[in-house]
1. For residue 408 and residue 385, compute 0.36 nm times the residue count separating them, minus their Cα-Cα distance, and round to one decimal in nm.
2. Using Cα-Cα distances under 8 Å and only pairs 6 or more residues apart, what relative contact order does the chain have, in percent?
3. By DSSP, what percent of the beta bridges with both residues in the stretch 9-119 are antiparallel, rounded to the nearest 5?
4. Counting alpha carbon pairs within less than 8 Å and at least 6 residues apart, what relative contact order, in whole percent, applies to the stretch 121-205?
5. Can you tell me the 0 to 90 degree angle between the C-alpha axis of helix 95-142 and the longest principal axis of the chain, rounded to 10?
6. How far is helix 177-227 tilted off the main Cα axis of the chain, in degrees rounded to 10, range 0 to 90?
7. Computed FRET efficiency, Cβ-Cβ of residue 148 and residue 73, R0 51 Å: what is it to the nearest 0.05?
8. Residue 37 to residue 96: FRET efficiency via 1/(1 + (r/R0)^6), r the Cβ-Cβ distance, R0 22 Å, to the nearest 0.05?
């Protein structure tokens, strides 16, 4: 049987009777919320008070989530659940105050949702702009003139930009499918263009390497044949070297191997040239002594005091110089320079003489021209007087004299 007790217990928002019946007290009256059998009135009231505190805890948790910026839609679900729980709850407590808090929380969630929508829109716009920048980066690279592209670096650049794309896609706001697909189509098109260009470049480079390799192999064979000749074929080898430079690259390893063979042939040819020059220099050593003797006599003409005599003597020395012939290669430049210095000094002395003479001639011509101009002025005055006097004979005589003196003035080159 149920234990019957007569005591009652009451607080501000509820009461319990001795049979364990618990009532919620509101401004509109009382509402029975439940019964706790086998318990005192105080225990029964405390039980439903604790259930109210559970609701208070749920509201507080939802408020905290709203304050810390949890997703508004999740907090709104909690508000909806609390609305349902607070319709006719079997609890004892200040339900009106708790419902007021839930109403305020609903308003807070509305503001939070609006704020988060703005933030989401801003994040989406920023993500779209950043994704657009990545696309423009690869498009700009793809638009680079072919002649300016370093194709050996392009693959690494494309992979770097593609890495930026994947990282951005993973870590930023998700774009609408249509927008994301359009950006990816542009990115993929530029990426394909660069990869196609890179493949074409290296295919062309391979062909160039093959052609250069064939050409250089032929040049190696020709150089080796030159190296077998008894005479040092230096000029022919240098012609081969010009063709080698024009042949282009055949790839680093191939170039190094072929160049080693080509250079070895050249070393043989130049070694023969050195031997040949040594023999020739020995043959021309006597000529060097003779030309040094000519130089001693030529340099004795300096400084030049009589340019005519110096020029005559120098011509005889030049004829003797030419008859002597070649000298050793190592001495050729120095002896030629010494003779040239003497030739220059004699030429400068001759030029100085004619310059001075022309200056004197010019001075004399200037003085004669001045005298003629004065005479012409005087004759012109006499002519005017004769014409005024009507003296025909005198006029004719003066006119003829004027014509003669004017022709002389013209001959001086000054008038």
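1. Numbers: separation 23, 0.36 × 23 = 8.28 nm, distance 2.36 nm.
Fully extending the segment from residue 408 to residue 385 adds 5.9 nm.
2. Details: 357 pairs, mean separation 31.9, N = 415.
Computed value for the chain: 8 percent relative contact order.
3. On the way: 12 of 12 bridges.
Beta bridges within the stretch 9-119, antiparallel portion: roughly 100 percent.
4. Here the relative contact order equals 52 percent.
5. 20 degrees
6. Tilt relative to the chain: about 30 degrees.
7. Details: r = 52 Å, r/R0 = 1.02.
Rounded to the nearest 0.05, the efficiency is 0.45.
8. Values: r = 29 Å, r/R0 = 1.33.
Efficiency at R0 = 22 Å is approximately 0.15.
Read the figures in this text as sums done on the coordinates, not as results from a lab. Source: prediction; values computed, not measured. No Cβ is skipped: glycine too gets one built from the backbone with ideal geometry, and neighbour counts run over all protein chains shown.
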